[in-house]
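Q: A single structure is presented below for examination.
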Amino acid sequence: MDSMWLEIVLNAKSEELDLISATLIANGVPGLAVEEEEEFRTFLEENRQYWDYVDDELMEQMKGVSRIKFYVTDDADGQKQLAQYLKGIDLPYTSVRLREYDWAHSWQKYYRPLAIGKTIYIVPEWERDTAQIPAGCTSILMNPGLTFGTGSHASTQLCLEGIEEFIVPGKSVLDLGCGSGILAIAALRLGASHATGVDIDPKAVDVSYENAELNGIGRDRCKFLAGNVIADKSLVAELKELKAPLVLANIVADVIIPLAPVVPELLVEGGTFVCSGIIDKRGDEVAAALEKSGLKVIRRFEKNGWIALAAQVC
Ligand code: SAH
């Protein structure tokens, strides 16, 4: 049966959070989340390279927040644990009942077959037998799990359009920042012979292999690796050995700009680099970095405030 959980929320002054967390851990809490406005801002600042833009709604939700959350099962055992965990903590708490299934699956209802570009349909795995895909179109089955890459983001869609335009059937593809593997898999479904995907998040490797398998693509046609495409020198050396006629990078401006100087070495002669994940106000800055590295921007795609650029070695 589906388990029920209680989310316990302790509101406390920010200067008390460390002491309360330490007490909870000493009392045996296996995991907790500290949410605090100032800490959230610092976290964003320290991880600037992963985003250009943070939802205003999220910023609003974090205003004035100073709290600790943890979870217990909603049963007699959970109540016993809760009493043990809260020993020595004299603070009121609130609790919210959560159904595990609802929590884990709530996003599935928002994820439907999605038509992209001229011929691509992204189909959630659980609709593989019911989705109606027009003849002549290419369906790509996806189960995004907890990685980025459902196909619903404008930057992914722009890259998919770039793949349709610049793919060289029968040749290989590199997918930098592969997430769920969506771009590598789309390229393979559209005729690429082999794809190599890389992501800084190790979860992306397993998810990408699983998604490739869902699409009938075996390990003979794809390889997914964990690593940082700007900081990991041996990874970059490995990628240089794999030169391809199409290199994709749907990351963010702050990764694409430092990556630009190595891009010409990742491309075979006449090859195309398609990069995305760029908010429109940073488009010119990325274009300038590409041009400085010996690439010429040949195409600019735009959607909902996001930009993708296609570039080739001059
Ligand atoms: N390719 C997918 C996911 C794009 S999201 C799509 O098009 O939908 C960007 C991905 O880049 C994330 O999965 C993130 O973990 C990864 N990433 C960010 N910085 C990176 C870096 N320096 N090296 C490798 N991957 C990186």
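Bear in mind that the values in this text are calculations on the coordinates, not laboratory data. Worth saying up front: this structure is predicted, and the values here are computed from it rather than measured. Cβ coordinates were reconstructed from backbone atoms using ideal geometry, including for glycine residues, and neighbour counts include every protein chain displayed.
Q: Counting each DSSP H run of 4 or more residues in the chain as -39500 (n - 2.57), what helix-only mean residue ellipticity at 222 nm follows after dividing by all residues, to the nearest 500 deg cm²/dmol? Mind dumping the intermediate values first?
A: Values: 12 runs with 106 residues, N = 314.
Roughly -9500 deg cm²/dmol at 222 nm, from the helical runs in the chain.
Q: Sorted by mean Cβ packing within 10 Å, highest first, what order do the peptides 84-96, 189-201 take? Intermediate results must be reported in sequence, preceding the final value.
A: On the way: 84-96: 12.5, 189-201: 20.6.
The peptides rank, most packed first, as 189-201, 84-96.
Q: Same structure, new question: Under 24 Å Cα-Cα from LYS171, which lysines qualify once same-chain neighbours fewer than 8 residues away are excluded?
A: LYS118, LYS223, LYS240, LYS243, LYS296
Q: Sorted from fewest to most neighbouring beta carbons within 10 Å, what does the list VAL236, VAL286 look like?
A: The most exposed by this proxy come first: VAL236, VAL286.
Q: Per the Kirkwood formula on distinct C-alpha pairs, the Rh of the chain is how many angstrom?
A: 21.7 Å is the Kirkwood radius here.
Q: Related question: Place a +1 charge on the Cβ of each Lys and Arg in the chain and a -1 charge on the Cβ of each Asp and Glu, then give the dipole magnitude about the Cα centre in debye, rounded to the nearest 20.
A: Computed charge dipole of the chain: roughly 1040 debye.
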